[in-house]
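Quick notes on the structure that follows.
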Amino acid sequence: MAVKRPTVIRPEKEAAVRELADQLDRSRVALVTDYRGLTVAQITDLRRQLGASEAEMHVAKNALAKLAVQGTPRDVLGPVLEGPTAFVFGYGDAVKTAKTLTDVIRTQRLQLPIRGGLLGNRLLSGADVIRLAELPGREVLVAQVVGGFQAPLAGIVNVLGGVLQNFLGVLEARRQQLESAERQR
């Protein structure tokens, strides 16, 4: 029976674990993908496009990634940390990050499987990440919510405006009636 030795981490690896944990803490979404089969040019282009959407891609060793999430609410990532792993950290809009990644995969026809991700402390499957990418962006959602509030208010304003207009019409008719009665005397 083999005895498992405690993991000893060298200082440079310890710094990499701290950096990875910090990136996970700062990111709104962390997507996990396999990067096998990508050329350096494709990875560079993917990183450039992700940078435009407040996201960045980092390749990480699974052992270090597992140490970075161990004992935290993010340890739910454990099952997706198998094989060559690249993290896409999104620091802005989570939907925009997922959309950018899936758009690059689709337009460049990359064989880049999305294994899953982390939204807050919630584990996402690869299919969840695809559904997240299909949502409208934050600006569109805010506009829809504001429009939803604005439409009933505009209706109330129109109704009240019509009531006031009718009331003014009645007052004007009464004024004319009183003036004509005054002239007849």
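For this structure, a couple of remarks:
- Amide N of the range 146-166 lying under 20 Å from the label point, which is placed 7 angstrom from the Cα of residue 174 along Cα→Cβ: 160-166
- Calculated from the structure at hand, Kirkwood radius over Cα pairs in Å is found among [x] 17.7; [y] 17.1; [z] 20.5 as [z].
- Between helix 94-107 and the chain there is an angle of about 70 degrees, using the helix long axis and the longest principal axis of the Cα atoms.
- Anisotropy class assigned to the range 22-65 is oblate, per the alpha carbon gyration tensor with a/c at or over the 1.5 cut-off and a/b no larger than b/c.
- Computed per residue of the chain from DSSP H runs no shorter than four, each worth -39500 (n - 2.57), the mean residue ellipticity at 222 nm is -19500 deg cm²/dmol.
- Sorted by Cβ neighbour density within 10 Å, fewest at the top, the residues 26, 185: 185, 26
- Rounded, prolate or oblate (a/c below 1.5 giving rounded, otherwise prolate when a/b exceeds b/c) for the range 136-185 by Cα gyration tensor: prolate
Rule-based calculations on the coordinates, nothing more; no lab input. The model shown is predicted, which means the values in this text are computed figures rather than measured ones. When we count neighbours, we look across all protein chains shown, and the Cβ atoms used for this are built from the backbone with ideal geometry, even at glycine.
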